[in-house]
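Worksheet: one structure, shown below.
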Amino acid sequence: GESVGLHLPTLSVQEGDNSIINCAYSNSASDYFIWYKQESGKGPQFIIDIRSNMDKRQGQRVTVLLNKTVKHLSLQIAATQPGDSAVYFCAENMRRRDDKIIFGKGTRLHILP
Amino acid sequence: DVKVTQSSRYLVKRTGEKVFLECVQDMDHENMFWYRQDPGLGLRLIYFSYDVKMKEKGDIPEGYSVSREKKERFSLILESASTNQTSMYLCASSLSKGGRYEQYFGPGTRLTVT
């Protein structure tokens with residue numbers, strides 16, 4: 001069935017190190033992907049997106065990599081800071097008429113001092 | 001900046017009550033969505049709307065209804081609240097443009113049904 005999932009439910013990273021959060025998707029028809037960040041007590045916040053005609057996109061301290069061959073998406077956060085502590089969700093939109101996106105379960109990122 | 005607001009951050013209701021959750025967006029987005037978020041289950045789509053007076057069922061519409069009388073406002077209604085509807089409810093809006101579908105979320109309403 002359709003699903004978007006993450007490899008690890010929890011990730012602990014030392015402050016200052018780089019973080020890599022992974023996501024696997026199952027639908028090869030998906031053509032648009034998004035990463036969201038959700039801090040405690042808040043709604044999800046858009047971080048970065050990527051279309052299927054790209055394999056890499058960079059933002060401020062974040063990079064998203066897309067490997068369509070193995071249906072894998074990753075979010076890299078450079079020089080992780082305490083403010084990066086949150087749950088990160090990947091989401092996908094399949095190439096169809098509506099604007100629904102399907103969310104993964106999320107990975108909680110813990111920053112170690 | 002897009003702003004999506006929800007009428008309440010916390011709400012406590014009794015079983016059987018009718019509950020209204022309101023959502024307003026200020027960016028003239030066509031699309032609006034209601035999700036619930038539960039531990040271990042992620043975000044699940046309840047209903048969505050592409051236009052005024054238009055609605056479509058999401059993945060878990062049972063026990064819920066929606067209303068969109070104005071473009072900026074999307075209401076979620078629990079006709080007769082039950083304890084299994086205790087959850088975090090998130091509203092989102094999006095503007096379909098250039099093949100991008102990012103949704104902008106409100107802060108959420110944590111509903112407890114006792």
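The values are calculated or read from the model by the stated rules, or taken from the named source; none is laboratory data. Note that this is a predicted model, so its numbers are computed, not measured. Counting neighbours? That spans all protein chains shown, and the Cβs are built from the backbone with ideal geometry, glycine included. What goes into the accessible areas is simple: the full protein's heavy atoms, side chains included, and nothing from ligands, DNA or RNA. Shrake-Rupley method; radii C 1.70, N 1.55, O 1.52, S 1.80 Å.
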* To do: Convert 37 °C to kelvin, take the viscosity as 0.692 mPa s, use the Kirkwood radius over C-alpha pairs of segment A:4-112 as Rh, and evaluate the Stokes-Einstein diffusion coefficient in µm²/s, rounded to a whole number.
  => 236 µm²/s
* Protein heavy-atom accessible area occluded, A/B pair - total, 1.4 Å probe, Å² -> 1800 Å²
* To do: Normalise the Cα radius of gyration of segment B:4-108 by 2.2 N^0.38 Å (N = residues in it) and let me know the number.
  => 1.02
* Could you list the residues of segment A:50-84 with an amide nitrogen less than 14 Å from a label point located 7 Å from the Cα of A:Asn22 in the Cα-to-C-beta direction? => A:65-67, A:70-76
* Å² of accessible area per residue within segment A:4-112, as computed with a 1.4 Å probe and no ligands counted -> 47 Å²
* **Peptide-level mean, for A:37-44, of C-beta atoms on other protein chains within 10 Å** => 5
* In square angstrom, what is the accessible area per residue of chain B with a 1.4 angstrom probe? -> 49 Å²
* Springs between alpha-carbon atoms under 10 Å, Gaussian network over chain B: tell me which of B:Gly16, B:Gly58, B:Gly40 tops the mean-square fluctuations. => B:Gly40
* Between segment B:1-36 and segment A:20-58, what is the C-alpha centre distance in whole Å? -> 24 Å
* Asked: How much net charge surrounds A:Val87 when only other residues with a Cβ under 14 Å from its Cβ are counted (Lys, Arg +1; Asp, Glu -1)?
  -> +1
* Given A:Lys37/B:Lys13; A:Lys56/B:Lys71; A:Lys71/B:Lys3; A:Lys100/B:Lys55, which pairs have Cα atoms separated by over 24 Å? -> A:Lys37/B:Lys13; A:Lys56/B:Lys71; A:Lys71/B:Lys3
* To do: Please work out the FRET efficiency for the pair B:Thr86 and A:Asn53, using the Cβ-Cβ distance as r and a Förster radius of 30 Å; give the result to the nearest 0.05.
  => 0.10
* Across peptide B:102-109, how many C-beta atoms of other chains are within 10 Å of each residue C-beta, on average? -> 6
* So for the protein assembly as shown: antiparallel DSSP bridges make up what percent, rounded to the nearest 5? -> 90 percent
* Structure fact -> In Å, the C-alpha Rg and Dmax of the protein assembly as shown are 17.6, 51
